[in-house]
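The values are calculated or read from the model by the stated rules, or taken from the named source; none is laboratory data. What you see is a predicted model, and the numbers here were worked out from it, not measured in a lab. Glycine also receives a Cβ, built like all others from the backbone with ideal geometry; neighbour counts cover every protein chain displayed. Each accessible area value is taken on the protein alone, full model and side chains, heavy atoms only, with ligands, DNA and RNA left out. Shrake-Rupley method; radii C 1.70, N 1.55, O 1.52, S 1.80 Å.
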Amino acid sequence: MAKAALVRSGRCVALAGLVSLCFCGAALCKDANDGDGEPTKADSTPNLYLDLRTYYTTVPAGSLSLGFGNSALFATLPTLATLTTLPTLTSPASRSIGVDVPLTVDLNDSVSVYGGFSASTSRTDLSDWSAFTINSWAVGFQADVYQQNGGSFPTITVQSTLTRSVPEAPLPTTALNTILEFNDALNADETRGLLAGVQYTSVAVNSAIVNIHPDIVGYVGGYYQWDNNWKFSGRFGVQSFGGAQLLNLTPFQPFTQPIVRLDLDRMDDNDNRLFGVTAQISWMPKPSYQLTVRTPLYAVRN
């Protein structure tokens, strides 16, 4: 039932993405003909690049890799399949190194679509490093459904990612991650502003003995971009996880704890990311650390 519900949710997200594309396209067409009679010049070709992300994650015992984006979730899910063979019904502390390789297309300043794969290697206190293998693939979109453009109402951005484990995974898993964010720019250049948002993650495991409850993150924050195009962003919030069950036991306990994410990005004059570093600390309830380096590889950059 959970898997069917997640599939339905995925279809709804896909429909929402199409609607967002339509609305954003209509808005751009309207803006192009507004103003002083001078049409807005649009880029003739979209940006095309591999948004390469390399991450290192530490996860305390008895926890899954949760937080903003859940990049390393599929690297730690195999611990669920091995719990019944461990001395105690709890996962050991683990570390993982992985890469996300989404091929990304920025259709315009408002809409991006992407799809790609993730690969990782991990180790626990009870095992050595595993082989570096592909563990999942993902597709998604990001769209500004409303743009502030100097007005009083903030920009509204929706991002949704559907991730599926590879067929060889011990527990076939599908995850849907959706973020709704409000961006209130404090100046005309939109180089500083305030952020607020919520992230909802649901995970369905194709197994009758495993059930993972949703994870919700609510946060506030802000950003500042210097004249040299370095940009700093911070998000501070609370994460609430419903826990995960194995048969009638709960090896991953529910929790509600703080979460922090800090981003430092190097942008170009057109706000394309050239380089980025993200540091995240999430308490589950013990702290989990994740460091991510973003190195986009552009085929086309406007």
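Restricted to the stretch 170-200, and to residues there that are touching a helix residue (DSSP H, G or I) at 6+ places or on another chain (Cβ under 8 Å) and surrounded by 19 or more Cβ atoms within 10 Å (Cβ to Cβ), the residue that is farthest from PRO102 (Cα to Cα) is THR173. Checked across the stretch 244-259, the condition of being in contact with a Gly (Cβ under 9 Å, 6 or more places away or on another chain), open to solvent by less than 30 Å² (accessible area, probe 1.4 Å) and among the hydroxyl-bearing types (Ser, Thr, Tyr) holds for no residue. Just one residue in the set LEU274, LEU262 is out of contact with any Ser or Thr (no Cβ under 8 Å at 6 or more places or on another chain), assigned to a strand (DSSP E or B), farther than 25 Å from LEU171 by Cα and among the hydrophobic types (A, V, I, L, M, F, W, C); that residue is LEU274.
Yes or no: the stretch 217-237 includes at least one residue that is among the polar types (S, T, N, Q), assigned to a strand (DSSP E or B) and under 18 Å from the mean Cα position of the chain (by Cα). Among the residues of the stretch 217-237, at least one is among the polar types (S, T, N, Q), assigned to a strand (DSSP E or B) and under 18 Å from the mean Cα position of the chain (by Cα), which makes the answer yes. Scanning the stretch 109-123 for residues that are part of a strand (DSSP E or B) and out of contact with any Cys (no Cβ under 6 Å at 6 or more places or on another chain) yields SER112, VAL113, TYR114, GLY115, GLY116, PHE117, SER118, ALA119, SER120, THR121, SER122, ARG123.
So which residues in the stretch 159-169 are open to solvent by less than 30 Å² (accessible area, probe 1.4 Å) and touching a Gly at 6+ places or on another chain (Cβ under 9 Å)? Steps first, answer last, please.
Start the filter on the stretch 159-169 by keeping residues that are open to solvent by less than 30 Å² (accessible area, probe 1.4 Å), which leaves 160-161, 163, 165-166, 169.
Within the stretch 159-169, SER160, THR161, THR163 qualify.
The set of residues in the stretch 281-302 being aliphatic (A, V, I, L, M) and surrounded by 15 or more Cβ atoms within 10 Å (Cβ to Cβ) consists of MET284 alone.
Among residues of the stretch 144-155 that are free of Cβ contacts under 8 Å to residues at least 24 places away in the same chain, those with a Cβ under 8 angstrom from a residue that is assigned to a loop (DSSP other than H, G, I, E, B), sequence gap 6+ or separate chain, pair up as TYR146/PHE153. Return the residue satisfying two criteria in turn: it lies in the stretch 119-150 and is open to solvent by less than 30 Å² (accessible area, probe 1.4 Å) and hydrophobic (A, V, I, L, M, F, W, C), and of such residues it is farthest from VAL105 (Cα to Cα). Here the answer is ALA119.
Within the stretch 130-159, how many residues are aromatic (Phe, Trp, Tyr) and modelled with pLDDT under 90?
The number of residues fulfilling the criteria is 0.
Remark: pairs (first residue in the stretch 191-207, over 18 Å from ASN177 (Cα atoms); second residue surrounded by 15 or more Cβ atoms within 10 Å (Cβ to Cβ) and polar (S, T, N, Q); Cβ separation under 8 Å; 6+ apart in sequence or on different chains) = THR191/GLN225; ARG192/GLN225; GLY193/ASN183; LEU194/ASN183; LEU195/ASN183; LEU195/SER233. I'm checking my understanding of the structure. Among residues of the stretch 209-241 that are in contact with a Leu (Cβ under 9 Å, 6 or more places away or on another chain) and open to solvent by 40 Å² or more (accessible area, probe 1.4 Å), which one is farthest from ASP271 (Cα to Cα)? Taking the candidates together, the pick is ILE209.
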